[in-house]
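Some notes on the structure that comes next.
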Amino acid sequence: MSDVTLDSKAFFKRAAKIFALWEQPNDVAEELADLRALQVIMGEPNDEGLSYSKSSALQTWLLGYEFPSTLMLFTKSPRKVTFVCSASKAKILNQLQSDGDIEIDVRVRGKDEASASESEVLPDLAKSIGAEQIGYLQKDKQTGKFADEWSKAQDGVIGLELVDMAAAISEVLGEKDGEELKTVITSSRLTSTCMIHYFKSKMESIIDRGTKVTHEEFASMIEEKIGNDEKAADMKLWNRNAQLGEIDFSSTEWTLPPIIQSGGKYDLKLSAQSNQDNLKPGVILCTLGMRYKNYCSSMGRTFMIDPHPTQEKYYTILVEARNETFKAMKPGATAKEIYEFALEYIKAKSGTLAESFVKSIGFATGIEYRDSNFVLSPKNGRELKENMVFIVSFGCADLPNPKKNGQKYSLLLTDTVKIGQEGVINLTEGCFKIKDVVMQLDGEDEVEDVKPAVKPSSSKANGKASAKPAKPARASASTSTRAISTKTRGGKREQVEQTTAEKIKANQARLHAERQEAGVKKFKKGGDGKGDGKDKVVKKYESYRREEQLPRAVEDRRVHVDEQRSTVVLPIYGYAVPFHISTIKNVTKTEEAEYFVLRINFQSPGQIAGKKEDMPFENPDATFIRSASFRSKDQRHMLKVFQGISDLKKQATKREAERKEMADVIEQEKLLEIKGRHPYVLKNVFPRPQAEGKKTDGNLEIHQNGVRFRPDNAGARIDVLFSNVQNLFFQPSDKELIVLIHFHLKSPIMLGKKKTYDVQFYREVTDMSFDETGGKKRRARYGDEDEIEQEQEDRRRRQELDKTFHEFARRIQSAAETQQHDLEVDVPFRELGFSGVPFRSNVMLLPTTNCLIHLSEYPFTVIALNEVELVHLERVQFGLKNFDMVFVHSDFKKTPVHINNIPVVHLDNVKEWLDSCDVAISEGPVNLSWPAIMKTLNEDPYGFYAEGGWTFLTGGAEDSESESSDGSEFNESGDEISDASSSESGSESDFDDDDGSEGSGGSFAEDESGEDWDELERKAARADDKHRDNGGSDSDDGKSKKKKKSGGRR
């Protein structure tokens, strides 16, 4: 230890923190008030490997190192720290020179009774304290000769009493300073990097290939990644996270060995271990924990292979509970409140999950892995403070496995978080979304489709096949006609379509039930659910505080307009009565003989039935003045007053409209420019919308907390902060004229004089080209070499631009993650795109992972599916070529978004896509009046859901649709027949021959409205055969019609 250097500045700063709490103890540290001294003793090191104790944590926190067989004794009045240790350790501790505030005393204890004075150090120190109380750490049991001697010396002092001070030390160690937080963040990044970039991919590979690997062997493979005495750290893995930088792997160790569990045996305790069983598909739990420069972090995830929908549902609830609890973990909240909040949230979602929920959801961490005095449990009343670090673990144990009767499974979600002012900052974010943790094994569905005869379910449908299960090769020979027909292309297609439709129907039934249940619970909390939104605030205006502020012109007792105070002063019974312009509705003028009459109408409730009243009233039942009329011969003055009131009202209306328009516009924080290096730059891009009127290009730069567009000319800069970005899109140049990066914002910002939710930066992919068809060069060449060369150059340019923009978008994502913002680059799926009209023009709409977008032209369309309550498909009926789609937001105050004229060929694809995103769908044959629906919903949301909610779209719509579609189809046919019969009497026998045996159009409508297309086609074929048997031909009808029509014209 000769090369050990102590950080004296950090020691005195942190020791002062202990003395400050001791001298002015809070409610948690009240036991310190009566203590004479505080002791921290370390005994001899054990050989059991890594162990955690508060004594070790406190010593490491103060000195940066552990000093075995060393005593630290704190005394106050004056502030003093006394060290008792060996001579070699004393040389190191002598680096701490006493400053003006804290005195340092280092005493040497000799070995083997070498000196009488040195052997009496411990007894003398104990006697100096006297019959007083000493604070110690009760749970830390120190062993060894040194610890025994100090215990013996204390026993020799009569009246000396030991008091546990663990709660106070926990308070001191809980709040982390800047250097500690940096180290914790690095430790967390190491943990998350190993989980995301190694365990997940390795586990998927093992499961996919069917490799036999035990949990213990897998854990050993993970442990080797940080290196050991024989092997260096796997830098290929750690270099995948650019945020890590330079890591000292000699200061990196595992807090606990990796815990991997699968196959139905799960233990959510910290003492769990990886066993000798092989890794198996199903539910797989993994918990990793790193310790970097003595600071701990942990991360636990649940991975599911071919999960049951119930398992996915439970996992989603657990993720939602975690996210909502993170929002509640603010400074001042107690550990008890946090646990109860999480439990109540899960209870509201699922009683089964609540019964199996863990008894505590985490603990404070730092140098000590688990602070037992700060556990997030229902019995702990300790308050959270800013800059504390917690390991939060949501888990549900021993849930019944819906895929395997009798087996159990567990769910786990563990993260390391820092307490911030507005909630927690997740330091181990990532790999928690359902798409990240669910893996589907390939091939199972194909096996079922290819060999249905060998499966028990198929053999039940065919008695002959079930009699010979041992001969799958001959099973096809004994299958029935029905089984053979499914092998045809048409039959296979129908089977797939039917299966898809059934899956969608089942999933939609579940989604609508969940929406209904959630809606009832949400609005039942507010009584009857009325007034769920914020009520309008009654504004009170005060034009004049004192009588002296009235303008002098009122002395003439005439109507006066005070433009400065937006007030109209009216003479009423000799008094000057001021009315703010907001109380005036309008003003009218009329002429009566020589008089000029001015009528001023005031705002009052219930003036026009059905008209929306924007102005609320404090007491609508009070008596109101509707209007006041003034008559005067001074026409010039009255015209001046009329014009003044009208202008004042226009200005007030304009200001109020601007205020409402800008109500949700935020003023962004200041962008922090990156220091120490040049920022990443994307050159020669154009912004949309433009901050100013002209089109200008410039450079897009990535800075510390956002991006900045810096124009090449003297135009205005555009700053977009990561904290305000909701979605980040990259759209390549495939079938487009531009390549772009698009930001969809949480709150709008001002660009120039307009507010916008979307900011886009793009570059055109093609240069101006010239037609050389008439040139000499073109006439001299008859080949297409120039065109081919130009196409190749254009293709190369597109690929290069796509690569540049995509890499820049990923750099934006990495920079945002560095600032603890969950931002992911979303790329649209062009193969799923469909055309529609969101505004006035028909455009191509492209689905992404979470949104439906159109970004190629302005105005932009960005619809986030996680903010959608329901999607209703309108005009879905037979015979129409297009349908409409309406997105109803979860925030019912927002106007539903309409996308019109979508080609009906995309209907099934749209349904499948929305269903795969777990969006509730309904459909109907006609367009609905959505303003009336949303008005009814907002007036009484609880009543709306209590009466069935959206079932009026899903229940009655199908019946009415089928009736209307059948009726319109066959009524149209009937009309055609009647028209033909009345106008062409000669063709009646043809129609009778065709339709008489099988029934007319009316009989179809009455008796066979439920028949499918296959049955109708068979009947039509039989009718055709009968017609031919009677001597007719396929073309007879048309010929007879033409002859008779031509004859009629003659």
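The values are calculated or read from the model by the stated rules, or taken from the named source; none is laboratory data. Remember, predicted model here, so these are calculated numbers, not experimental data. In this analysis, Cβ positions are derived from the backbone assuming ideal geometry, glycine residues included, and neighbour counts consider all displayed protein chains. When the accessible area is computed, the model is the full protein with side chains, heavy atoms only, and any ligands, DNA or RNA have been set aside. Shrake-Rupley method; radii C 1.70, N 1.55, O 1.52, S 1.80 Å.
Numbers for the structure displayed
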item: Pairs where the first residue, in region 499-523, is within 13 Å of Tyr942 (Cβ to Cβ) and in contact (Cβ under 8 Å) with a residue 12 or more places away in the chain and the second is outside any helix (DSSP H, G or I) and open to solvent by less than 50 Å² (accessible area, probe 1.4 Å), C-beta under 7 Å, 6+ apart; result: Gln516/Gly949; Gly519/Gly949; Phe523/Gly529
item: Tally of residues being open to solvent by less than 30 Å² (accessible area, probe 1.4 Å), in contact (Cβ under 8 Å) with a residue 40 or more places away in the chain and at negative phi across region 272-282; result: 2
item: Criterion: modelled with pLDDT under 75, basic (Lys, Arg), surrounded by fewer than 11 Cβ atoms within 10 Å (Cβ to Cβ) and assigned to a helix (DSSP H, G or I) - qualifying residue of Lys612, Lys660; result: Lys660
item: Top-ranked residue in region 245-262 [being of a type in the set (Ser, Thr, Tyr) and either touching a strand residue (DSSP E or B) at 6+ places or on another chain (Cβ under 9 Å) or assigned to a strand (DSSP E or B) (or both); ranked as most open to solvent (accessible area, probe 1.4 Å)]; result: Ser251
item: Residue count for region 1-46, restricted to those that are among the aliphatic types (A, V, I, L, M), more than 13 Å from Glu171 (Cβ to Cβ), open to solvent by 20 Å² or more (accessible area, probe 1.4 Å) and under 46 Å from the mean Cα position of the chain (by Cα); result: 2
item: Residue that is least open to solvent (accessible area, probe 1.4 Å) [pool: residues in region 293-330 that are farther than 30 Å from Glu253 by Cβ and among the charged types (D, E, K, R)]; result: Asp306
item: Residue match in region 186-194 (condition: touching a Gly at 6+ places or on another chain (Cβ under 7 Å) and hydrophobic (A, V, I, L, M, F, W, C)); result: no
item: Residues within region 577-602 that are closer than 20 Å to Lys649 by Cα and open to solvent by less than 50 Å² (accessible area, probe 1.4 Å), tallied; result: 13
item: Which listed residue is more than 27 Å from Arg240 (Cα to Cα) and among the polar types (S, T, N, Q), from Ser201, Ser170; result: Ser170
item: Residue identified as of a type in the set (Lys, Arg) and surrounded by fewer than 14 Cβ atoms within 10 Å (Cβ to Cβ) among Lys269, Lys265; result: Lys269
item: Region 825-847, residues that are open to solvent by 20 Å² or more (accessible area, probe 1.4 Å) and of a type in the set (Gly, Ala, Ser); result: Ser835, Ser841
item: Residues of region 503-514 classified as open to solvent by 50 Å² or more (accessible area, probe 1.4 Å) and within 16 Å of Thr954 (Cβ to Cβ), total; result: 6
item: Failed item in (1) assigned to a strand (DSSP E or B); (2) on the phi > 0 side of the Ramachandran plot, with Ser835 passing the rest; result: (2)
item: Index of the failed condition, Phe761 passing every other in (1) aromatic (Phe, Trp, Tyr); (2) modelled with pLDDT of 90 or more; (3) open to solvent by 90 Å² or more (accessible area, probe 1.4 Å); result: (3)
item: Out of Ser69, Ser77, Ser86, sole residue that is touching a Gly at 6+ places or on another chain (Cβ under 9 Å) and either farther than 25 Å from Gln133 by Cα or open to solvent by 40 Å² or more (accessible area, probe 1.4 Å) (or both); result: Ser86
item: Which listed residue, of Ser128, Ser151, is open to solvent by less than 60 Å² (accessible area, probe 1.4 Å) and either in a helix (DSSP H, G or I) or among the charged types (D, E, K, R) (or both); result: Ser151
item: Gln820 farther than 21 Å from Asp758 by Cβ and part of a loop (DSSP other than H, G, I, E, B); result: yes
item: Residues of region 844-865 classified as in contact (Cβ under 8 Å) with a residue 60 or more places away in the chain, among the hydrophobic types (A, V, I, L, M, F, W, C) and closer than 18 Å to Asp822 by Cα, total; result: 2
item: The listed residue being open to solvent by 40 Å² or more (accessible area, probe 1.4 Å), outside any helix (DSSP H, G or I), at pLDDT below 90 and over 19 Å from Glu429 (Cβ atoms), out of Ala232, Ala242; result: Ala232
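Each row is one residue, and each column tells you yes or no for (1) modelled with pLDDT of 85 or more; (2) more than 57 Å from the chain's Cα centre (by Cα).
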| residue | (1), (2) |
| --- | --- |
| Glu591 | yes, yes |
| Ser604 | no, no |
| Asp621 | no, no |
| Ser627 | yes, no |
| Arg631 | yes, yes |
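Listed here are the residues, each with its yes/no results for (1) at pLDDT below 90; (2) in a loop (DSSP other than H, G, I, E, B); (3) out of contact with any helix residue (DSSP H, G or I) (no Cβ under 8 Å at 6 or more places or on another chain); (4) surrounded by 19 or more Cβ atoms within 10 Å (Cβ to Cβ).
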position	(1), (2), (3), (4)
Phe146	yes, no, yes, yes
Val157	yes, yes, no, no
Ala168	no, no, no, yes
Lys182	no, no, yes, no
Ser187	no, no, yes, yes
Leu190	no, no, no, yes
Thr193	no, no, no, yes
Lys200	no, no, no, yes
